[in-house]
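Just so it is clear, none of the values below were taken in a lab; they were calculated from the coordinates. Note that the structure is a prediction, hence the values are computed from the model and not measured. Neighbour counts run over all protein chains shown; Cβ positions are idealised from the backbone, glycine included.
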Amino acid sequence: MESLLTWAGVVLSLSSLLLFLVIERIRQWQSERKAGVPPGRRGFPVVGETLRLISAYKTENPEPFVDERVARHGRVFTTHVFGERTVFSADPEVNKYVLQNEGKLFESSYPSSLSNLLGSHLSFISPSVIRDSLLPDIDRLIRHNLDSWAGRAVLLLSETKKITFELTVKQLMSVDPGEWTEKLRKEYLLLIEGFFSLPLPFFFTTYGRALRARTKVVEILKTIVKERKERRSKKRSTSTSWEEVEEEKRDMLGALLEAEEGLTEEEGVDFMVALLVGGYETTSTIMTLAVKFLSDSPRALALLREEHEGIRAKKKEGEALEWSDYKSMPFTQCVINETLRVANIISGVFRRAVADVRIKGYTIPKGWRVFASLRAVHLDSDHYKDARTFNPWRWQESVMTPTSNQGSGTFMPFGGGPRLCPGYELGRVELSVFLHYLVTCFRSGQLRPCLDIVQMG
């Protein structure tokens, strides 16, 4: 009898707790509805819809997570992910407004599982630095890697990751490929695995391993930043040669130190982490997908090859590409734009409202996080005809230029506002040079098509 009463007490307590949670949920829903918060759902207690979001983005087709909610609630809806109430936007006007008002109504605010790995201090490299200092290395390293493909089948994604990591390390801190860079790359593999994993900082979890990897990476990069700053300061105080001083800013780190005199070691390291992550993962994936899309579109491949063979015909055998060559690749830029639009490597950006924001009939409460979904806009048939079909010719139409679409908020593959992707121009240059040598296929001084030797992986 006593045992029965004990169990009855437990059941009553649990029932009371459940009733309280239901009442509290109804009260919060009514309060949010009265305040004009976008419609949506919270999902499970504590974790919300985080598990569904992560599982969706680990598949080849993550769109249903947003598609289902847009169909139910509209292009602006609320959810609960990464421990916080979050407004998701698949609306280009809202996305543009959010990004352009960073520093006024919104601030950058990524989930701790991301910011703890990536860092909080980001910047970007100007096109002039790429043109004057980095293009020769991009050309040389891509030619070297593609030349090594001769006579063998290659796993394309693996090869492009090798290319982009070597490129980024060389451009970032003037280090050629070797044992040290391979050690760094292995730690980066562990770090990248932590993105969009459950933020459980235990030694046996993916996220825990990623945190330990970031610690090792930071230690390595801090040493480099410190040594570079000390060497740069010493040269400036003792050197009588302007060329020796200028040599210190011929890579990204040097240019960054030159542009930001008060740069701290932490800011420098965060910048380098972001560039390496972006260069290694996103650019290599875009390269691979561009080849896939071109392989599935013989007409686009033929036009691309014609454009690049025209450029190669005007150059001497083995002569490297120049900035003017990069600027004379109109159809290549159409291919890149369309690959970026369809592939959507950067699915969206997080911001936090620093005040109550009223937009399109809704209120985003102060303190709430906002996720501007770039992927959802890029694949919306209201903005692009046959939106999920690769069609580079759409960018040849006057109304479909990158500039006009970015102005409307319907094409923002690198984000927008004051905080662009750190490697936005660099990635385009690398992809352009890669496609040039891929479709003309540099082989020991001979140029011939080579797409038939690659496998996607």
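Using modelled amide H (1.01 Å from N, peptide plane; none on Pro or chain starts), what sits under 5 Å from the amide H of PHE88, excluding residues fewer than 5 places away?
The answer is PHE77, THR78, THR79, PHE371.
Taking 0.36 nm per intervening residue step and subtracting the Cα-Cα distance, what contour gain separates ASP382 from SER347 on full extension?
Using 0.36 nm per residue and subtracting the Cα-Cα distance, I get 10.8 nm.
Listed highest first by mean packing, meaning other Cβ atoms within 10 Å per residue, what order do 211-219, 146-154 come in?
So the peptides 211-219, 146-154, ranked by packing, come out 211-219, 146-154.
Ranked highest first by average number of other Cβ atoms within 10 Å, how do 312-325, 168-181 line up?
Ranking the peptides 312-325, 168-181 by packing returns 168-181, 312-325.
Amide H of PHE106: which non-local residues (sequence gap of 5 or more, or other chain) have their own amide H closer than 5 Å, using H built in the peptide plane?
Residues meeting the criterion, in which the H sits 1.01 Å from N, are VAL354.
Can you tell me the length gained on complete extension of the stretch LYS222 to GLU322, counting 0.36 nm per residue apart and subtracting the Cα distance?
Full extension of this stretch gives 32.7 nm more.
Would you calculate the separation in nanometres between label points at ARG41 and SER408, each defined as 7 Å from the Cα along the Cα-to-beta-carbon direction?
Going by the 7 Å Cα→Cβ label model, 3.3 nm.
Quick one: Karplus J couplings for region 290-299, per residue in order, coefficients 6.51, -1.76, 1.60, θ = phi - 60°, nearest Hz, x for Gly and Pro?
4, 5, 4, 4, 5, 4, 8, 10, x, 5
Can you give the extra length, in nm with one decimal, that the chain gains between THR389 and GLN100 once fully stretched, where that is 0.36 nm per residue apart less the Cα-Cα distance?
Difference between extended and current length: 101.1 nm.
Grab the other residues whose beta carbon is less than 11 angstrom from that of GLU182, score K and R as +1, D and E as -1, and report the net.
Result for the neighbourhood of GLU182: +1.
Could you give me the ³J(HN,Hα) list for region 320-329, computed from phi with Karplus coefficients 6.51, -1.76, 1.60 and θ = phi - 60°, whole Hz, x at Gly and Pro?
6, 6, 10, 4, 5, 5, 4, 7, 10, 10
Given a Förster distance of 25 angstrom, what is the FRET efficiency for ALA153 paired with ALA302, based on the Cβ-Cβ distance and rounded to 0.05?
The value I calculate is 0.60.
Return the sequence-ordered ³J(HN,Hα) values of region 282-287 in whole Hz as given by the Karplus equation 6.51 cos²θ - 1.76 cosθ + 1.60 applied to θ = phi - 60°, using x for Gly and Pro.
Result, ordered by residue: 6, 5, 5, 5, 4, 4 Hz.
For the residue pair ASP176 and LYS314, what label-to-label distance in nm results when each label sits 7 Å from Cα along the Cα-to-beta-carbon direction?
3.2
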